[in-house]
1. Please work out if Lys43 is of a type in the set (D, E, K, R) and not in a loop (DSSP other than H, G, I, E, B).
2. Suppose we keep only residues that are of a type in the set (Gly, Ala, Ser) and closer than 23 Å to Leu68 by Cα within the range 1-29. Which one would you say is surrounded by the fewest Cβ atoms within 10 Å (Cβ to Cβ)?
3. When Ala23 is evaluated against the numbered criteria (1) outside any strand (DSSP E or B); (2) among the aliphatic types (A, V, I, L, M); (3) within 11 Å of Val5 (Cβ to Cβ); (4) touching a helix residue (DSSP H, G or I) at 6+ places or on another chain (Cβ under 7 Å), which criterion, by number, is the only one it fails?
4. Just one of the numbered conditions (1) assigned to a helix (DSSP H, G or I); (2) within 18 Å of Pro106 (Cβ to Cβ); (3) in contact with an Asp or Glu (Cβ under 6 Å, 6 or more places away or on another chain); (4) not β-branched (Val, Ile, Thr) is not true of Tyr13; which one?
5. Quick check on the range 82-97. Is at least one of its residues surrounded by fewer than 19 Cβ atoms within 10 Å (Cβ to Cβ), in contact with a Pro (Cβ under 6 Å, 6 or more places away or on another chain) and within 22 Å of Lys2 (Cβ to Cβ)?
6. Only one of Lys101, Lys33, Lys46 is farther than 20 Å from Thr4 by Cβ, under 14 Å from the mean Cα position of the chain (by Cα) and among the basic types (Lys, Arg). Can you tell me which?
Amino acid sequence: MKGTVLFVEDEPYYKTIYGTALANAGATVAYAKNGKEALEMFKKKKPDLIITDLIMPEMSGMKFLNELNKQNTPIIVLTALEGETDKQDALDAGAAYFCSKMDTNPEALIAMTEQFLGKK
């Protein structure tokens, strides 16, 4: 796959597991550790896709989604939250997918990413 993914995640474990898988699949991965940093990077990098957590310090993923104000960049929410309200709020704020870290392995995330960036 080709394209730039902005991966917004504050937990090193998930950053390593998912970020490495995306990079190995061919994506260029830029990292941000919270929504505030992600907004700055979004303006500079103009990524092809955003993958964001919702639970982060300084600026939550929901605030980040709301600050993006439904840009044309597709967004995948990858979070530990599993509530229907969280899911609906994220989708209403412009996310294309909402998935749980507990149910989404790196291969599944790559498959979702390929829908937006294409295969190699």
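1. Details: of a type in the set (D, E, K, R): yes; not in a loop (DSSP other than H, G, I, E, B): yes.
It is true that Lys43 is of a type in the set (D, E, K, R) and not in a loop (DSSP other than H, G, I, E, B).
2. The qualifying residue surrounded by the fewest Cβ atoms within 10 Å (Cβ to Cβ) is Gly3.
3. With respect to (1) outside any strand (DSSP E or B); (2) among the aliphatic types (A, V, I, L, M); (3) within 11 Å of Val5 (Cβ to Cβ); (4) touching a helix residue (DSSP H, G or I) at 6+ places or on another chain (Cβ under 7 Å), Ala23 is out only on (4).
4. Exception for Tyr13: condition (3).
5. The answer is yes; a qualifying residue exists.
6. Exactly one residue qualifies, and that residue is Lys101.
For (1) within 19 Å of Lys101 (Cα to Cα); (2) touching a strand residue (DSSP E or B) at 6+ places or on another chain (Cβ under 7 Å); (3) among the acidic types (Asp, Glu), each residue gets a yes or a no:
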| residue | (1), (2), (3) |
| --- | --- |
| Gly26 | no, no, no |
| Lys45 | no, yes, no |
| Ile51 | yes, yes, no |
| Leu54 | yes, yes, no |
| Pro57 | yes, no, no |
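Results for (1) without any contact (Cβ under 8 Å) to a residue 40 or more places away in the chain; (2) in a loop (DSSP other than H, G, I, E, B); (3) surrounded by 19 or more Cβ atoms within 10 Å (Cβ to Cβ); (4) on the phi > 0 side of the Ramachandran plot, shown as yes or no for each residue.
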{"site": "Tyr31", "(1), (2), (3), (4)": "yes, no, no, no"}
{"site": "Lys36", "(1), (2), (3), (4)": "yes, no, no, no"}
{"site": "Phe64", "(1), (2), (3), (4)": "no, no, yes, no"}
{"site": "Glu67", "(1), (2), (3), (4)": "yes, no, no, no"}
{"site": "Met102", "(1), (2), (3), (4)": "yes, yes, no, no"}
{"site": "Glu114", "(1), (2), (3), (4)": "no, no, no, no"}
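The values are calculated or read from the model by the stated rules, or taken from the named source; none is laboratory data. This structure is a prediction, so every number in the text was calculated from the model and none was measured. All Cβ positions, even for glycine, are placed from backbone atoms using ideal geometry, and neighbour counts span all protein chains on display.
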